[in-house]
1. Filter region 32-48 down to residues that are surrounded by 11 or more Cβ atoms within 10 Å (Cβ to Cβ) and among the aliphatic types (A, V, I, L, M) and give me whichever is farthest from Thr145 (Cα to Cα).
2. State which residue pairs qualify: first residue closer than 18 Å to Asn58 by Cβ and inside region 70-87, second residue at pLDDT 90 or above and loosely packed, with under 12 Cβ neighbours inside 10 Å in any location, beta carbons under 6 Å apart, and separation of 6 or more residues or different chains.
3. For the list (1) surrounded by 10 or more Cβ atoms within 10 Å (Cβ to Cβ); (2) among the charged types (D, E, K, R); (3) over 21 Å from the mean Cα position of the chain (by Cα), I need the number of the one condition that Arg4 fails.
4. In the set Thr93, Thr118, which member is closer than 30 Å to Met27 by Cα and exposed (fewer than 13 other Cβ atoms within 10 Å of the Cβ)?
5. Conditions first: (1) in contact (Cβ under 8 Å) with a residue 24 or more places away in the chain; (2) farther than 29 Å from Phe141 by Cβ. Arg13 passes all but one, so which condition is the exception?
Amino acid sequence: MANRRTPFSFQIRIIHRYLGFFLAGIMAVYAVSGIILVFRKTNFLKSEVIIEQQFEPNLTESALSSKFKKGVKVEKIEGEVSYFKNGNYNQKTGVATIKKMELPFFLKKMEQLHKATTNSPLYFFNIFFGSALLFFVLSAFWMYTPKMPVFKKGMYFAITGIVMTLVLLFF
């Protein structure tokens, strides 16, 4: 019996299939967190969390602002209490009360995974996942031979998807 080689397109199909099964869970996480990120500037699915932090008493506005990640701008002062957007600071006690809107724990973790940067150990995973998605894009073109009708029909869908993406990006 002659030694038969497995066609390249068949090998790509196998890799595509099992990589798809392997990444099904994380693709679901990225899909859900991507949808949630669309609403990140709203309070959709968020609940109010009140945080009290103890700082030194009698901080100036610039010293107080440096204590917060995004800074603060004092809007008004009444007695010993300085009010800023979403919170206040008591000059006498040094207690700052901040009101934040946060996603539930699990959704917050999903969002952090989606938005990981090089400062996070998750960025290696994000690079792997992005590379795997790029493989899915490219391997789709080797799933069928160009002579097959499904390939030709798939090319029409691919061109339509590329045009739609360009329209959404630039208009």
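The values are calculated or read from the model by the stated rules, or taken from the named source; none is laboratory data. Quick caveat, the model's predicted, so the values are computed rather than measured. Counting neighbours? That spans all protein chains shown, and the Cβs are built from the backbone with ideal geometry, glycine included.
1. Leu45
2. Cβ pairs passing all conditions: Glu80/Lys92; Tyr83/Glu75; Tyr83/Lys76; Phe84/Glu75.
3. Just one mismatch for Arg4, condition (1).
4. Numbers: Thr93 fails: closer than 30 Å to Met27 by Cα.
Among Thr93, Thr118, only Thr118 is closer than 30 Å to Met27 by Cα and exposed (fewer than 13 other Cβ atoms within 10 Å of the Cβ).
5. Arg13 satisfies every listed condition except (2).
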